[in-house]
Amino acid sequence: MQLTSRQVVTQFAHMLQEELFPLLRSSVGPLNGQMQLLAAVISLAPLERMLGARRAATGRPAKDRAALATAFLAKAVLNLPTTRDLICRLRVDEALRRLCGWSSLQALPHESKFSRAFAEFAATELPQQLHEAVIATTQNQRLIGHIARDATAIPARERFPETTQQQKQKKQKQKNKAKQRAVKQCQRTGSKGAFAKAKVAPCGTRIQRQRHQKLAGMLSELPRQCDIGAKKNSHGNLQYWRGYKLHLDVADGQVPISAVLTSASVHDSQVAIPLMTLTSQRVVHLYELMDSAYDADAIHAHSRQLNHVPIIAPHGRRGTTRPSQLPKVFPDRPTPQLSPAQQDRYKERTMSERVNARLKDEFGASHLRVRGAAKVMAHLMFGVLALTVDQWMRMGKTD
């Protein structure tokens with residue numbers, strides 16, 4: 001008889017309380033809530049298997065990679081601002097040090113080794129792979145009712161050399177030079193092949209192109225450099241920040257399923273199709289809940305194409321709820337509204353906002369001290385991984 005996802009999470013929580021935690025208490029001492037969460041993440045994430053697959057056959061072997069990865073997980077769980085704070089905590093907390101894998105104080109590596117290891121984890125996308133493995137283990141047999149999609153601002157202490165407008169102008173100049181070279185070559189040789197290739201350009205908007213692309217092609221087109229973003233707050237005023245934007249798909253139970261990092265200036269709708277494609281590869285779900293920023297015909301159509309039911313708040317650009325009293329040749333159409341049943345389901349979308357808040361307040365997303373999209377994503381994904389396990393354990397406790 002195959003176990004349901006609820007039975008699996010209940011059994012895992014029971015195993016932690018009855019077997020794993022007492023064993024750890026006897027070896028490392030008393031465990032508080034954060035240490036228990038760290039132990040649960042270690043037991044679920046296949047660190048040894050993924051790190052062992054990367055070991056080279058030649059060269060000096062890398063030591064303590066599993067211990068270093070566990071330490072960065074502990075940094076997210078304990079919500080520590082910097083790696084230096086993590087090292088100071090490891091020096092005074094024997095239970096944490098032994099749980100990470102260092103038996104003595106002298107075994108702790110230097111701060112530079114922490115930095116090199118983190119750069120390696122970011123380059124190989126280790127946190128993303130660990131999160132994907134945990135989702136496959138915990139959510140594989142679960143039928144998810146709702147997926148809430150939203151983005152959150154990630155401020156960064158980072159400079160960017162050029163603005164978005166300057167980059168567009170630079171790319172346009174490069175295209176114009178390429179066309180001029182192609183025209184000159186055509187005039188010399190009399191062939192139209194080079195000129196035809198130079199005029200070929202991607203047709204349609206980015207969202208329209210995404211419907212015919214594979215996931216890797218969608219993600220490669222999304223900008224990831226640090227720049228300026230703007231978003232309206234609850235009072236309708238624009239707020240600006242420098243940095244990035246983290247796009248999350250959250251399942252029922254406030255479990256993060258997939259994440260994508262982009263530049264701060266990227267609109268939320270540009271990441272909807274890549275996110276729903278990535279989430280569809282990992283879990284089986286029914287409804288997709290999105291705010292009015294995602295209200296586009298291509299997003300509606302692609303969600304239905306993936307056998308999902310999109311529930312998206314209508315955007316004001318589709319019409320007005322108060323038509324003008326003046327006579328018009330083409331009167332305004334009223335804005336389409338969600339049905340009462342859709343409005344009731346749409347209320348579940350707030351779980352994505354609660355996940356974003358917990359990620360920033362409890363799991364280190366507000367303490368960003370690294371530069372570059374790869375390292376920023378690695379830092380955030382360590383927190384997303386810890387948050388995922390924490391929410392899954394909470395689901396088991398509520399049953």
Could you count how many residues in segment 85-99 are open to solvent by 10 Å² or more (accessible area, probe 1.4 Å) and within 19 Å of Glu120 (Cβ to Cβ)?
-> 1
Among the residues of segment 180-225, how many are among the aliphatic types (A, V, I, L, M), modelled with pLDDT under 65 and open to solvent by 60 Å² or more (accessible area, probe 1.4 Å)?
-> 2
Do we have Gln167 as open to solvent by 90 Å² or more (accessible area, probe 1.4 Å), at pLDDT below 95 and not aromatic (Phe, Trp, Tyr) here?
-> no
Arg6 at pLDDT 85 or above, within 28 Å of the chain's Cα centre (by Cα) and open to solvent by 60 Å² or more (accessible area, probe 1.4 Å) = no
So Ser303, is it open to solvent by less than 10 Å² (accessible area, probe 1.4 Å) and in contact (Cβ under 8 Å) with a residue 24 or more places away in the chain | yes
Would you confirm whether any residue within segment 333-346 is out of contact with any strand residue (DSSP E or B) (no Cβ under 6 Å at 6 or more places or on another chain), modelled with pLDDT of 90 or more and closer than 27 Å to Val266 by Cα?
-> no
Some residue of segment 358-371 being open to solvent by less than 10 Å² (accessible area, probe 1.4 Å), at pLDDT 95 or above and touching an Asp or Glu at 6+ places or on another chain (Cβ under 8 Å) = no
Is at least one residue of segment 248-255 of a type outside the set (Val, Ile, Thr), touching a helix residue (DSSP H, G or I) at 6+ places or on another chain (Cβ under 8 Å) and over 18 Å from Glu353 (Cβ atoms)?
-> no
Hey, among the residues in segment 253-293 that are touching a Lys or Arg at 6+ places or on another chain (Cβ under 7 Å) and assigned to a helix (DSSP H, G or I), which one's most open to solvent (accessible area, probe 1.4 Å)?
-> Gln270
Kindly provide the set of residues from segment 120-148 that are buried (at least 22 other Cβ atoms within 10 Å of the Cβ) and more than 20 Å from Asp390 (Cα to Cα), ordered by number.
-> Phe121
Across segment 337-349, what is the number of residues that are in a helix (DSSP H, G or I) and surrounded by 14 or more Cβ atoms within 10 Å (Cβ to Cβ)?
-> 5
Determine which member of the set Arg49, Arg55 is modelled with pLDDT under 95, closer than 19 Å to Glu120 by Cα, open to solvent by 40 Å² or more (accessible area, probe 1.4 Å) and in contact with a Pro (Cβ under 9 Å, 6 or more places away or on another chain).
-> Arg55
Could you list, in sequence order, the residues of segment 230-252 that are in a strand (DSSP E or B), out of contact with any Ser or Thr (no Cβ under 7 Å at 6 or more places or on another chain) and farther than 26 Å from Leu286 by Cα?
-> Ala230, Lys231, Lys232, Leu238, Gln239, Tyr240, Trp241, Arg242, Gly243
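The values are calculated or read from the model by the stated rules, or taken from the named source; none is laboratory data. Because the structure is a prediction, the values reported are computed rather than measured. Note that each Cβ is placed from the backbone with ideal geometry, even for glycine, and that neighbours are counted across all protein chains shown. To get the accessible areas, we keep the full protein, side chains included, count just its heavy atoms, and leave off ligands, DNA and RNA. Shrake-Rupley method; radii C 1.70, N 1.55, O 1.52, S 1.80 Å.
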